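Working notes, structure below.
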């Protein structure tokens with residue numbers, strides 16, 4: 001299985017571990033992720049205005065180049081890249097005027113949404129399958145109580161959702177197949193405050209804190225995500241709590257690929273088990 | 001800043017959203033993860049814009065605190081997308097440099113710890 005792989009701006013610096021664990025997991029699962037020689041940032045947010053196509057030039061170019069390379073699909077890991085690229089794809093497929101504007105501005109070729117934009121989670125679900133994945137598991141994630149955290153970008157808007165946007169199962173099914181206990185909690189699809197943490201940190205912390213509290217109250221000892229910004233927000237608020245409450249025990253925030261790497265027996269990741277502690281459950 | 005008399009029309013032009021079809025059910029405020037922290041929840045912003053109370057609408061923090069999570073847009077029974085309306089309001093105000101993100105006022109902590117994804121998103125939304 002060979003796919004074009006778009007890492008995005010954050011996977012070579014802030015979330016190196018996300019990139020590296022995903023690469024190793026893909027190798028074990030037989031997914032060949034080929035990174036293009038040249039790529040540029042997707043823009044991180046999809047424009048919500050409808051009268052300006054400029055912010056879509058970059059993701060459009062990424063998709064166009066993948067098509068020119070004869071790619072059968074574009075894999076992303078970061079939720080934001082997934083959302084921006086998939087929305088751009090959806091737009092050029094359904095809006096001929098905007099497609100022509102982008103094509104004529106770039107003048108690098110024609111593109112009408114032919115390249116499927118896929119998240120690694122979808123490849124595992126649809127191309128590999130959980131049954132085949134279970135056969136490759138070396139370490140079952142016994143004792144882990146995972147709170148899957150979707151956030152916004154994997155599910156909204158509905159036309160680009162990687163699963164049922166009102167009741168997604170993709171993370172739950174993945175972790176169940178790895179042998180972990182998966183928790184239901186009400187904040188799994190609620191925004192972590194995203195980029196608000198740059199402009200209004202106090203407010204962002206309050207929003208992220210509710211997600212953390214909800215997961216911990218339902219018994220989580222780790223929260224799994226696929227978005228570097230969610231990872232940051234959920235960690236950052238806990239660092240702030242520790243500053244004022246020295247008894248607070250942090251709940252581990254982790255990328256889903258790290259958990260996969262542990263389960264597949266990749267030895268560089270075996271230590272992850274040790275770093276996961278059990279936070280104090282306030283509801284008892 | 002000069003406020004256009006046809007503000008609602010302008011929003012429609014920028015975002016494709018017709019505010020006038022909003023019937024004030026409050027779904028957007030209910031599902032918004034930020035509404036309890038806003039001075040006015042999204043529903044109030046919608047009615048202020050609808051009734052042409054533009055100055056008061058633009059004085060709220062509502063649209064500056066929108067994280068574009070799209071919950072309101074997904075659940076609106078009238079098919080309006082409040083998050084797109086808020087982006088249109090931001091786009092109009094950001095023509096004035098005073099409203100833009102001031103990079104020199106961001107703390108070193110933020111500039112060094114927030115992942116690029118966050119900094120780029122904020123630059124896109126507030127500049």
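Relative to the longest principal axis of the C-alpha atoms of chain A, give the angle of the C-alpha long axis of helix A:57-68, reported between 0 and 90° and rounded to the nearest 10°. Long axis of A:57-68 versus the principal axis of chain A: about 70 degrees. Against chain A, whose longest principal axis is taken from its Cα atoms, helix A:96-106 shows a tilt of about 80°. Computed from Cα atoms, the angle from the helix A:79-94 axis to the main principal axis of chain A rounds to 30 degrees. The Cα-based radius of gyration and maximum Cα-Cα distance (Dmax) for chain B are 15.0, 44 Å. Between residue A:244 and residue B:55, the simple spin-label model (points 7 angstrom out along Cα→Cβ) gives 3.7 nm.
Would you mind giving the mean number of other chain beta-carbons within 10 Å of the Cβ of each residue in A:196-207, as a whole number? Before the final figure, lay out each step's value.
Working: counts 12, 7, 14, 9, 6, 5, 1, 6, 5, 0, 4, 7.
If you average over the peptide's residues, the count of other-chain Cβ atoms is 6.
The equivalent ellipsoid that matches the C-alpha gyration tensor of region B:23-96 spans semi-axes of 18, 13, 12 angstrom, in descending order.
Wrap a convex hull around the Cα atoms of region A:198-258, take a quarter of its surface area, and give that in square nanometres.
4.3 nm²
Peptide B:108-115 has a mean shielding of 5, counted as Cβ atoms of other protein chains within 10 Å of each residue's Cβ. Antiparallel beta bridges, as assigned by DSSP with both residues in the protein assembly as shown, represent about 0 percent of the total such bridges.
Summary value for chain A: 18 percent relative contact order, contacts being C-alpha pairs under 8 angstrom separated by 6+ residues. Quick one: in region A:75-201, what % of C-alpha pairs are over 18 Å apart? Cα-Cα pairs of region A:75-201 separated by over 18 Å account for 64 percent.
Please list B:12-18, A:90-96 highest first by mean number of surrounding beta-carbon atoms within 10 Å per residue. Before the final figure, lay out the partial values.
Values: B:12-18: 19.0, A:90-96: 16.1.
Per-residue mean Cβ counts within 10 Å order the peptides as B:12-18, A:90-96.
Each eigenvalue of the Cα gyration tensor of region A:180-284, multiplied by 5 and square-rooted, gives one semi-axis; in descending order these are 23, 16, 14 Å. Can you work out the base-10 log of I(q)/I(0) for region A:1-146 at q = 0.08, 0.13, 0.15 1/Å, using the Debye formula on its C-alpha atoms alone? At q = 0.08, 0.13, 0.15 Å⁻¹ the computed log10 ratios are -0.25, -0.61, -0.78.
When all alpha-carbon pairs of chain A are counted, what percent fall beyond 28 Å?
Values: 14938 of 40186 pairs.
The calculated P(r) of chain A puts 37 percent of pairs beyond 28 Å.
Every number in this text was worked out from the coordinates using simple rules, so none of it is lab data. Nothing here was measured: the structure is a model prediction, and the numbers come from that model. Cβ coordinates were reconstructed from backbone atoms using ideal geometry, including for glycine residues, and neighbour counts include every protein chain displayed.
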